Amino acid sequence: MVCSTALSSNCCGQRLSRPPGRARHRILVETELDMTDAAAFVFALAIALSLGFVARWVYGPTRAQRHRRDQLAQSRDFGLLVPLITLPARQAAERGRAQLVARGIRATVAQVPDGPLRVTNDGELLRPVGGHQILVFPDDVDRATRVLEESDGG
């Protein structure tokens, strides 16, 4: 037996809770709210980029660290000055500079950063420690070397 009244009741005479037309319409409305593949890709890309920026902000260097790094990078370029001697303590370098200035030799002191960590062939860790260099002009190197040798010897 074929039922011809499909809108309001089924073949047995029982009333349907919702007409089949409405159910079909509701399915279309629900699928319209789903994301397309392109939208899902753009959404995932936005989340990944956001996490990347947050990680860079959290784990990146602070302004003070960047400023110190820039100062050290600039301090390695001495222009016309050449390193005369490297001493471990700043006070010793300042005393040597004062001796040179007292003899009329223009000099300055610059900090040398620590070197990179290296592993020797024996497996020992070696990290060259920095220090403080006395810098002079190239024309004054010989005279400055003599002045500092005299002060060490006498």
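The values are calculated or read from the model by the stated rules, or taken from the named source; none is laboratory data. Given the structure is predicted, the values throughout are model-derived calculations rather than measurements. Backbone-built Cβ (ideal geometry, glycine too); neighbour counts: all protein chains shown.
The table below gives the values:
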| quantity | calculated |
| --- | --- |
| Residue in segment 32-62 that is nearest to PHE137 (Cα to Cα), counting only those that are at pLDDT below 85 and aliphatic (A, V, I, L, M) | MET35 |
| Residue under evaluation ALA110, criteria (1) hydrophobic (A, V, I, L, M, F, W, C); (2) within 17 Å of the chain's Cα centre (by Cα); (3) closer than 19 Å to GLN133 by Cβ, criterion not met | (2) |
| Qualifying positions in segment 89-102 - over 15 Å from ASP152 (Cα atoms) and surrounded by 12 or more Cβ atoms within 10 Å (Cβ to Cβ) | ARG90, VAL101 |
| Residues that are among the β-branched types (Val, Ile, Thr), in contact with a Phe, Trp or Tyr (Cβ under 9 Å, 6 or more places away or on another chain) and within 11 Å of LEU84 (Cα to Cα), drawn from segment 96-154 | THR108 |
| Residue selected from segment 142-154 under the condition outside any loop (DSSP other than H, G, I, E, B) and at pLDDT below 80, by the criterion surrounded by the fewest Cβ atoms within 10 Å (Cβ to Cβ) | GLY153 |
| Odd one out for GLN65 among (1) of a type outside the set (Lys, Arg); (2) modelled with pLDDT of 80 or more; (3) farther than 30 Å from ASP152 by Cβ; (4) surrounded by 11 or more Cβ atoms within 10 Å (Cβ to Cβ) | (4) |
| Criterion (under 24 Å from the mean Cα position of the chain (by Cα) and of a type in the set (Asp, Glu)) met by exactly one of ASP142, ASP152, ASP70 | ASP70 |
